[in-house]
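This report concerns only the one structure given below.
The values are calculated or read from the model by the stated rules, or taken from the named source; none is laboratory data. Everything numeric in this text was worked out from a predicted model, so none of it was measured. Cβ sites come from the backbone with ideal geometry, for glycine too, and all protein chains shown count toward neighbours. SASA here: full protein model, heavy atoms, side chains in, ligands and nucleic acids out. Shrake-Rupley method; radii C 1.70, N 1.55, O 1.52, S 1.80 Å.
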Amino acid sequence: KATKMLISTCKDNLKGVKGITSRYRMTNKPAPSSASDYVDTILNPLRAFLGRYESSLNNFFPRGVWDIEIIKEVNISFTLYLKSVIETVKNMDSTLQRRARNTQKGGLSDSEKIMMQLKLDVKAYKTSISALNIDLGKVDNVSMLDVVE
């Protein structure tokens, strides 16, 4: 039950991905230089749980088993959100090109900024997984997140 609850709570924190498109589309904001704020919150429920119960859990579940399963489930949802944003960006670009409004001179396009933000977010998320002392190599679906490459 705790695992399902942690998965669900972590997944709820992924909703911030949806706001990236509106943050950059037609806003003239500068290119991103750091990860979005929501990234730090994704694994907060797992971090808090481990902080409180890790010593007790070690007697029953070895680290790197149940926590990796939580990460895997969160990765699947994160990847779906990323794919959705990428698809939205592609559709908007297609529409803008048809209307010939995407005529920015110099600099990065809104779509490029969105993609940069997604890359920064994925990189920061992977770092937060590693900060939990979880070897990314043991999370067999972590490569799914590279959909933004």
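With only Lys, Arg, Asp and Glu charged, each at its Cβ (+1 for the first two, -1 for the last two), find how big the charge dipole of the chain is about the Cα centre; round to the nearest 20 debye.
With Lys and Arg at +1 and Asp and Glu at -1, about 580 debye.
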>> Computing the accessible area with a 1.4 Å probe over protein heavy atoms, can you report the carbon and sulfur percentage for the chain?
In response: 52
> Roughly how tilted is helix 2-12, in degrees to the nearest 10 and between 0 and 90, from the longest Cα axis of the chain?
Replying inline: 10
>> Order 47-55, 71-79, 8-16 from most to least packed using the mean count of other Cβ atoms within 10 Å.
In response: 71-79, 8-16, 47-55
>> From the phi angles alone, apply the Karplus equation (6.51, -1.76, 1.60; θ = phi - 60°) to segment 27-32 and give each ³J(HN,Hα) in whole Hz, x where the residue is Gly or Pro.
In response: 10, 6, 6, x, 4, x
> What whole number of Å gives the distance from the Cα centroid of segment 76-92 to the Cα centroid of segment 1-41?
Replying inline: 12
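May I ask for the net charge around T27, where only other residues with Cβ less than 10 Å from the Cβ of T27 are counted and Lys, Arg are +1 while Asp, Glu are -1?
Taking every Cβ under 10 Å from that of T27, the sum is +3.
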> About the Cα centre of segment 41-92, what is the dipole size in debye to 20, counting +1 per Lys and Arg Cβ and -1 per Asp and Glu Cβ, all else neutral?
Replying inline: 100
> Of K15/K90; K29/K138; K15/K123; K1/K126; K1/K113, which pairs sit farther than 28 Å apart, going by alpha carbon to alpha carbon?
Replying inline: K29/K138; K1/K113
> Which of I42, A31, L57 sits farthest toward the positive end of the charge dipole of the chain, with +1 on the Cβ of Lys and Arg and -1 on the Cβ of Asp and Glu?
Replying inline: A31
>> How tilted is helix 44-57 with respect to the longest principal axis of the chain? Cα atoms for both, answer in degrees (0 to 90, nearest 10).
In response: 10
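Where does the chain land at 222 nm, in deg cm²/dmol rounded to the nearest 500, when only DSSP H runs of n ≥ 4 count, each adding -39500 (n - 2.57), divided by all residues? Show your work: numbers first, answer last.
Working: 6 runs with 93 residues, N = 149.
Helices in the chain give a 222 nm mean residue ellipticity of -20500 deg cm²/dmol.
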> What angle do you read, to the nearest 10 degrees and between 0 and 90, between the alpha-carbon axis of helix 110-131 and the longest principal axis of the chain?
Replying inline: 10
